1. Taking Rh as the Kirkwood radius, which is the inverse of the mean 1/r over Cα pairs, what is the Rg/Rh value for region B:24-271?
2. For region B:281-332, max minus min Cα coordinate along each principal axis, in Å, sorted largest first?
3. I'd like the Karplus ³J(HN,Hα) series for region B:437-443: coefficients 6.51, -1.76, 1.60, θ = phi - 60°, whole numbers in Hz, and an x wherever there's a Gly or Pro.
4. Only loop residues by DSSP count here, and only those with at most 13 other Cβ atoms within 10 Å; note down the chymotrypsin sites (Phe, Trp or Tyr not before Pro) in region B:1-93 that meet that.
5. Whole number please: convex hull volume per residue of the Cα set in region B:251-374, in Å³?
6. Give me the one-decimal nm value for the distance between modelled label points at B:Val426 and B:Ser53, 7 Å along each residue's Cα-to-Cβ direction.
7. Using Stokes-Einstein with the Kirkwood hydrodynamic radius over Cα pairs, what translational diffusion coefficient do you get for chain B at 25 °C and a viscosity of 0.890 mPa s, in µm²/s rounded to a whole number?
8. Given H placed 1.01 Å from N in the peptide plane, which residues other than close sequence neighbours of B:Arg288 have an amide H under 5 Å from its amide H?
Amino acid sequence: MTEALRVTNLSKTFPRAGGLFAGARPGVRAVRPVSFAVETGETLGIVGESGCGKSTFARMLVGLLPPSGGEIEIEGRRLDNADPARFGKMIQYVFQDPISSLNPRKTIRQILEAPLRLLHGMGRAERDARIAEIFDSVHLRPEFLDRYPHEFSGGQAQRIGIARALAAAPRILVLDEPVSALDVSVQAQVLNLLARLKDDFGLTYLFISHDLAVVEAVSDRVLVLYFGAVVEIGRAESIFKRPRHPYTRLLADSAPVVGRPLRAPEQRGSELPDPLDPPPGCAFAGRCPRATDLCRTEEPRLRPMEEDQLAACHHPFED
Amino acid sequence: MRQFLRLLARNRLASLGGVVITGIAMLALITPLLPLQHPDVIDTAHRFLFPFSEGHLLGTDQLGRDLLSRLLWGTRLSLAVGVAAALAAGIVGSGMGMVAGYVGGRTDNIIMRAVDMLMAFPYILLALAIVAALGPGLMNALIAVAAVNVPFFARNIRGITLGLARREFVDAARLSGKGHLRIILTELLPNVLPVIVVAMSTTVGWMILETAGLSFLGLGAQPPQADLGGMLGQARSAMITSPHTSVVPGVMIFLIVMSVNLLGDGVRDALDPRLRSGALSRPRASTRVARQHAVPAPEAAPADALLAVQALETQFHVTGRVYRAVNGVDLAVKPGECLGVIGESGSGKSVTALSVMGLVASPPGVITGGAVRYRGEDLIGAPYARLRDLRGESISYIFQDPLSTLHPLYRVGDQLAEAIRVHHPVSRAEARARALQLLHDVRIPNPEGRIDDYPHEMSGGMRQRVGIAMALANDPDIIIADEPTTALDVTVQAQILGLLDDLRRDRGLAIVFITHDFGVVAQLCDRVAVMYAGQIVETGPTAEVLAAPAHPYTRRLIACVPELGGGRRELAAIPGLPPSVDALPDGCAFAARCDRAVADCRAGRIDMTGTGARSVRCLFPEEAFA
């Protein structure tokens with residue numbers, strides 16, 4: 001297997017304007033240095049709650065946000081500070097809100113034509129043929145092409161968003177909460193479509209979601225983010241069954257599951273640390289039942305727990 | 001477009017303005033073709049002729065020139081200058097605004113501070129200064145008037161662009177390979193163009209007036225060229241002896257500016273989307289009731305029910321269409337019971353909940369049938385005073401987004417205290433003490449420290465706790481919770497669900513819990529009702545319904561939802577979409593998507609059938625239950 005994407009120490013710090021007399025203040029660390037690799041044809045799930053930096057991370061991967069540090073390599077080529085247009089041919093983005101990601105004053109055809117014309121320099125006839133092909137592959141009728149976005153339901157609009165991403169013929173798709181705005185019956189349609197497209201076009205997916213069950217159902221491996229850092233990474237079928245990191249376990253225990261009695265998992269508070277004044281040690285220590293003084297002073301590093309599973313914890317769960 | 005013209009025509013003043021300005025513009029256009037005397041021919045022998053003199057319909061001015069001819073040529077010039085100035089100001093100002101709003105950061109700062117500096121000068125002074133620097137002349141007056149109006153466009157358009165530039169379609173365009181200039185021209189411009197046009201139509205009148213002002217002062221059009229302001233200025237000295245020389249151009253300026261402004265305001269109002277949907281009319285205090293069927297008998301409701309909804313029908317009447325959001329819903333909840341109502345968006349679950357207390361916005365909402373019995377008393381059609389007494393006191397609501405239901409400008413403690421004092425005559429101190437106790441009850445850590453927080457200072461989970469505390473403020477019997485955890489993270493959701501569960505056990509609260517999540521229903525609710533297209537299709541004890549769903553829709557909806565621990569798999573999707581509630585099919589609404597549907601399913605109304613606690617609205621249920 002070849003590597004589709006390799007990320008090395010990718011990080012993002014948002015600068016804060018200094019006061020009039022105070023000089024520059026330390027920035028907000030949205031994403032701490034993150035490293036991982038994804039193989040061609042693989043789906044890597046990325047889970048985390050609001051404020052964990054998953055959207056910042058995704059926007060850096062597609063070149064919409066310049067990283068503060070680190071490297072992005074796609075199929076062996078470095079692409080860290082390139083223009084979004086250069087990223088666009090390699091990696092594309094599917095947005096969470098399908099309606100707001102389509103310009104309300106453009107027809108679907110105009111939206112789909114842009115990447116073909118600008119990224120691939122296709123002529124008119126070639127474009128029409130390609131659009132028809134892509135539209136068919138996302139199960140939409142060709143007469144929709146000359147309509148405007150507001151005429152579509154959420155599920156249809158999301159398929160148009162996927163079609164636009166596919167039009168650039170990328171190698172990798174970053175799917176940022178692609179189904180969380182959709183109803184469950186439509187959600188399953190879109191997820192199945194994504195699975196089929198991946199096989200048809202030989203794509204690699206980064207699937208970002210807050211819904212653990214959805215992530216588990218579509219991913220090969222899962223990466224758990226907390227407060228801008230990777231806390232655990234492992235195979236989808238085992239990471240929620242045998243979590244090593246207390247935060248992963250908290251997530252798994254919190255997900256509502258039919259047949260499991262209701263109980264609020266044990267934790268102290270639910271607040272994230274203040275990003276302007278991050279704690280010195282483990283960011284989760286304040287909520288963690290296993291935290292010790294070591295956790296509050298020294299930041300744990302990601303280390304292998306077993307084959308294919310890594311966690312950043314001083315006191316991981318054992319079997 | 002047709003709707004826009006219809007709304008515009010309904011505004012009489014705007015139509016009048018439109019007719020007048022069209023007439024004037026037409027006259028100005030055909031002026032060179034009219035058999036008029038030359039406007040600049042001097043005939044001092046016939047100066048100051050009064051109107052209706054022979055050969056001069058409107059008389060002559062101080063040099064004996066024909067006033068009618070000068071008026072029409074002057075109008076032509078003034079209109080052209082006004083429109084040109086509006087176009088120039090619109091293009092330059094909007095361009096600056098779009099660049100500032102799109103690029104942001106330092107560029108934005110520099111452009112907007114420059115615009116602010118322009119605005120700091122008094123209007124006419126700035127125009128005078130520009131003309132003084134450039135020298136008098138019509139072209140320079142035009143430049144001055146345009147420059148003075150640039151800030152108006154720049155500020156307006158920047159604000160709108162700022163909102164658009166952060167939208168996802170702009171990011172999508174960048175990923176499609178579009179450069180910044182192309183994004184501004186092809187993605188943003190089409191969206192701000194309507195605003196620019198409206199802003200121009202409302203300002204062109206002022207620009208004509210300002211140009212006339214400069215000409216009046218002798219800084220605009222130079223003699224002998226006729227323009228309205230210049231004519232007025234030259235006639236000033238003869239105002240007493242020959243008033244018509246000033247009145248004629250004055251009336252024309254008045255007509256132009258008035259009609260343009262009336263039309264411009266009309267255009268702005270007609271394009272306002274709120275006016276279009278009819279939402280500018282204030283909703284009534286409670287939903288309009290127009291029952292089309294007999295009121296269901298109270299005996300038909302379960303005897304032990306605290307709240308019973310019987311055959312409820314709620315519709316939305318919008319411009320000739322009827323959206324049947326709720327079509328005969330029956331629900332009942334006992335003290336201490338939690339009833340889950342589950343359905344997809346558009347299934348009518350929220351409208352059902354809001355109908356209970358008459359909270360559906362009216363217009364366009366109408367309750368067209370059924371009854372809602374609280375301890376036997378029918379609330380549909382109850383007087384507003386009675387509903388207001390019950391709202392919050394006996395039946396209260398928790399909504400999905402506490403950020404939009406809490407008032408952003410009041411401290412949470414004050415909002416809780418107010419909710420208490422509306423229903424109970426207690427002192428401020430006592431209300432505050434109870435508010436503190438409520439915050440404690442919903443397990444907000446350090447309630448003494450949080451009571452004086454504003455909603456924006458709290459996290460989503462904390463805000464929803466305050467939302468629950470609001471609902472509990474007056475010790476209600478029933479809480480209707482409409483997707484209270486949908487906007488929350490899973491770890492916070494688990495805590496909120498745990499809290500609701502404890503509250504109902506401790507206080508004997510009845511909860512109607514509306515959600516789209518089977519996992520949540522399974523953990524919290526005793527019974528569940530599944531809604532589809534405004535009807536309940538299945539109801540029964542939660543465990544039984546989830547383990548052995550009887551309606552094909554329930555079975556397939558459950559199958560759609562991935563469950564944690566299931567591993568990687570293909571999901572079972574339901575093909576197609578729910579029917580639109582303004583065109584519901586006869587018979588079963590799910591028939592079009594159901595693989596078991598036969599002709600009978602589409603023939604006519606299907607009733608709920610079943611025994612004991614379980615019932616289902618299906619001719620061919622999945623399992624026969626005894």
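1. 1.10
2. Sorted largest first, the three principal extents are 41, 22, 17 Å.
3. 4, 5, 4, 5, 4, 8, 6
4. In loop regions of region B:1-93 (DSSP not H, G, I, E or B), the sparsely surrounded chymotrypsin sites (Phe, Trp or Tyr not before Pro) are B:Phe52.
5. So the per-residue Cα hull volume is 136 Å³.
6. Placing both labels 7 Å beyond Cα along the Cβ direction yields 8.8 nm.
7. 81 µm²/s
8. For B:Arg288, the qualifying residues are B:Ile367.
Here, each number is a calculation from the coordinates, and none is a lab measurement. All values reported here derive from a predicted model rather than from experimental measurement. Every residue, glycine as well, gets a Cβ built from its backbone with ideal geometry; the counts of neighbours run over all protein chains shown.
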